[in-house]
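The values are calculated or read from the model by the stated rules, or taken from the named source; none is laboratory data. Since the structure is predicted, the reported quantities are computational estimates derived from the model, not experimental observations. Here Cβ is always computed from backbone atoms with ideal geometry, including for glycine, and neighbour counts include all displayed protein chains. Surface areas here come from the heavy atoms of the whole protein model, side chains and all, with no ligands, DNA or RNA. Shrake-Rupley method; radii C 1.70, N 1.55, O 1.52, S 1.80 Å.
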Amino acid sequence: MIYRVIVDVQSQDVDRIFDYRAEGDIPVGSRVVVPFGKKQIEGYVVGTAKTTDVPSEKLKSICRTVDALPAITGEMLSIMRFMQTRYHVTAATALRQFLPGEMRRGTVKESVEQFVRLKEGLDATALAAEETRSKKRAELLLFFADGKTEKLSEARKRYGVSAVNGLIEKGYFTVTEIQKNRVPLSEASVAATPVTLKPTQEAALKKINESKKRVQLLFGVTGSGKTEVYLRLIEAALSQGKTAIMLVPEIALTPQTLTRLRSRFGERVAILHSGLSAGERFDEWWRLRTGKAVIAVGARSAIFAPLENLGVIVVDEEHETSYQSESNPRYFTKEIALHRAAYNGCKLVLGSATPAVESYLSAQNGEYELVEMRERVNKRPLPKMEIADMRKEMRRGNHTLFSSLLKEHLQTTLEEGNQAILFLNRRGYSSTVICRDCGYVAKCAHCDVSLTYHKGENRLKCHYCNAQYKMPELCPECGSPHLKFGHVGTERVVMELQELFPEARILRMDNDTTRTKEGHYKILKAFSEKEADILVGTQMIAKGHDFPSVTLVGVLDADMGLHFSDYRSGERTFQLITQVAGRSGRADKSGKVILQTFTPDNYVLDFAGRYDYESMAQSELSLRRATMFPPYARIVRVLASGTDEKKVVAAIKTAYENLEKVYAAHREEFIFFQKMKAPILRLQTKFRYQILMRIKEGNTSLLTEIYEAALPANTPYVSVFVEENPNNMT
Ligand code: ADP
Ligand code: ZN
Ligand code: ZN
């Protein structure tokens, strides 16, 4: 038999199928070891054939198969082909997404524990009497006389390896293997409390179930009980013998969702995410592949979960940017989810309180089913938002970070024994250090960005490459002692807050305080157990947390996002504000939200203050149609990066020359086409040049031409890649 094999090498040069021969029967999808050049490497069997063009003296044989069960399913091969055509990645790159990295490198093994017991119906005492030559064997038999089960290792320790093995060989014992699972976050499970669905939830489920459409947009306000709807959908899938995938933006930030899934479905849930230890990831993967677990939960990459026969795919907080992969392979999670949903004939449920306007448009077009839940489970109105005009505060001589309105409400919240959340999307103490006399700005030596001051460590840090520097006492340029701090960060908020409320217990949650494994979980747990009164944090506190005692949310710098030049900054600001505001007043207490801003008249804040998603979406969409931005156009960026600036420039020139031909042939499809330096010319010691394009939406063959023109500019020294609608244009 001829086997068609893709070798596990990411390079474009070997991105094709190789033929091998083998005796016996190797199922398609098996991982195999094959001779390749002078080495032996891993590969995947993707098909079989009767004949091959390879002359028989050159045809090599497969050395061996790696796993007992094919690691790659037929569906994965279909996703692989989809990724190859859609994102122009190599087959090996696509296939790598399906397996935990440790598995490919062979650095972890399945951890199994073996147990022994006497076979049914054997008389241990009689057999022991026959073992006249070995006292150990006789004792061993008597030990198991009462039918007990013992670990094989333990039995060997007590009675010796040879005695135990001897009796196993005689067929007296049954040996069973039990997989020892390293179950992550095992603490995160509580007893399930049965809930009766609210009428809005019933109605939403009914609409989803009766819909003929593949994609369901579950648009439910914060606290409307979307999670319960997901759980019911998953339950229904399982009861039909099917499986389910549930995606969350960032698993570390959603321990509560995990807890709810665990308490409802127990061991049938497997978690897939990068924060797990290698062993945990490996075990969870195999539990899914072997059908021991039937629900995969995780962030973006869990969309590649090794499940078959999917009954539903849920993408929670579908508007989150983390669903877009920004490193190789660059893919859109929702596109892969849609591919899998179509493959399995199941529904894809996208849920959010603030859908991406793209999704909202698809729902308006009738492409997606729009399922709304406009009421909170507790029937209370959404927390009232009040705007604090920081310009007025300044004029009144209040130069602190907190408006008098916020201070007052913090005071009452503390007095009433409730909790508050303060949100500021900037970590550290201060974003910049500037010399008042000469204008010097402290910058990273490896990146073209200014450094952030961290007071706790008294150091300057680069938030792009993590490089650290000593905080200078004098200006390195002019020697002036007058160094001033720019924008405020979370660290400084906590310090000033503590001065203002010395009694208050304050927790901070940002990238600096959550570096350890399960670090997020610990902070969230402490806050939910009321070990603190105020939680200060970056956007990681905005996610779906459910803290019943939170009655006040303060957004310290509501217009911060509005000043970015990104075409989505309005939408993003609206989403963030709505999400953080949604943390307030979720249980039986009413909540309150205070937005501090220097631009109180901005239309986005106005919509956000009234929770008017539709008006925001309509106004964003008409603006984008007028200016030709996504979803009406597609931004395509070709980025070249490398440490040798000359080589980067040469590579971008090659790409540009190729792309100019595409541009010339399809001029009417282009809205924009230009070559330039990237906004941050140097990042992590690499120089970056880009070609920026905007093309009309819906032309997939033009997109293919762009990829095919750009990618050949790759060299061993310069990486050239294509990004579509990138989240981050640095
Ligand atoms: P969302 O994800 O839409 O913001 P959640 O799913 O977190 O909302 O639900 C909000 C709160 O309401 C949670 O504490 C949840 O346990 C509770 N809840 C949801 N559905 C019900 C129900 N049918 N009965 C009682 N409580 C519910
Ligand atoms: Zn200076
Ligand atoms: Zn840097």
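Looking at segment 484-504, which of its residues are buried (at least 16 other Cβ atoms within 10 Å of the Cβ) and among the basic types (Lys, Arg)?
Passing the criteria: only ARG492.
Just a yes or no: is a residue in segment 300-314 aliphatic (A, V, I, L, M), surrounded by 19 or more Cβ atoms within 10 Å (Cβ to Cβ) and within 11 Å of the chain's Cα centre (by Cα)?
Taking every residue of segment 300-314 in turn, at least one turns out to be aliphatic (A, V, I, L, M), surrounded by 19 or more Cβ atoms within 10 Å (Cβ to Cβ) and within 11 Å of the chain's Cα centre (by Cα).
What is the residue count in segment 683-728 for residues that are in contact (Cβ under 8 Å) with a residue 60 or more places away in the chain, of a type outside the set (S, T, N, Q) and either within 16 Å of ligand 1 (Cβ to nearest atom) or open to solvent by 70 Å² or more (accessible area, probe 1.4 Å) (or both)?
Going through segment 683-728 one residue at a time, the tally reaches 4.
Give me the pairs: first residue in segment 273-299 and over 17 Å from THR73 (Cβ atoms), second residue part of a loop (DSSP other than H, G, I, E, B) and at pLDDT 90 or above, beta-carbon distance under 6 Å, and six or more apart or on different chains, which are they?
Note: pairs meeting the criteria are HIS273/ALA299.
What do you reckon, is ASP612 open to solvent by less than 40 Å² (accessible area, probe 1.4 Å) and free of Cβ contacts under 8 Å to residues at least 40 places away in the same chain? Lay out the reasoning, then the answer.
On the way: open to solvent by less than 40 Å² (accessible area, probe 1.4 Å): yes; free of Cβ contacts under 8 Å to residues at least 40 places away in the same chain: yes.
Yes: the conditions hold for ASP612.
Could you count how many residues in segment 666-682 are open to solvent by 50 Å² or more (accessible area, probe 1.4 Å) and touching a helix residue (DSSP H, G or I) at 6+ places or on another chain (Cβ under 8 Å)?
Final tally of qualifying residues: 1.
Taking into account only those residues within segment 338-363 that are at negative phi and in a loop (DSSP other than H, G, I, E, B), which is surrounded by the most Cβ atoms within 10 Å (Cβ to Cβ)?
THR354
Of the residues ALA665, ALA650, ALA655, only one is more than 24 Å from GLN684 (Cα to Cα) and either modelled with pLDDT under 95 or aliphatic (A, V, I, L, M) (or both); which?
After ruling out the rest, the residue left standing is ALA665.
Is there a residue in segment 537-553 that is in a strand (DSSP E or B), away from ligand 1 (no atom under 16 Å from the Cβ) and touching a helix residue (DSSP H, G or I) at 6+ places or on another chain (Cβ under 8 Å)?
Yes: segment 537-553 contains one or more residues that are in a strand (DSSP E or B), away from ligand 1 (no atom under 16 Å from the Cβ) and touching a helix residue (DSSP H, G or I) at 6+ places or on another chain (Cβ under 8 Å).
Give the residues of segment 442-459 that are open to solvent by 50 Å² or more (accessible area, probe 1.4 Å) and farther than 14 Å from LEU683 by Cβ, sorted by residue number.
LYS455, GLY456, GLU457, ASN458, ARG459
From the residues in segment 572-606 that are of a type in the set (Gly, Ala, Ser) and part of a loop (DSSP other than H, G, I, E, B), which one is farthest from the chain's Cα centre (by Cα)?
Result: SER590.
Six or more apart or on different chains, Cβ atoms under 9 Å: show the pairs whose first residue is in segment 470-483 and in contact (Cβ under 8 Å) with a residue 24 or more places away in the chain and of a type in the set (A, V, I, L, M) and whose second is part of a strand (DSSP E or B) and within 7 Å of ligand 2 (Cβ to nearest atom).
LEU483/CYS435
Got a number for residues in segment 466-483 being at pLDDT below 90, surrounded by fewer than 14 Cβ atoms within 10 Å (Cβ to Cβ) and either within 16 Å of ligand 3 (Cβ to nearest atom) or on the phi > 0 side of the Ramachandran plot (or both)?
1
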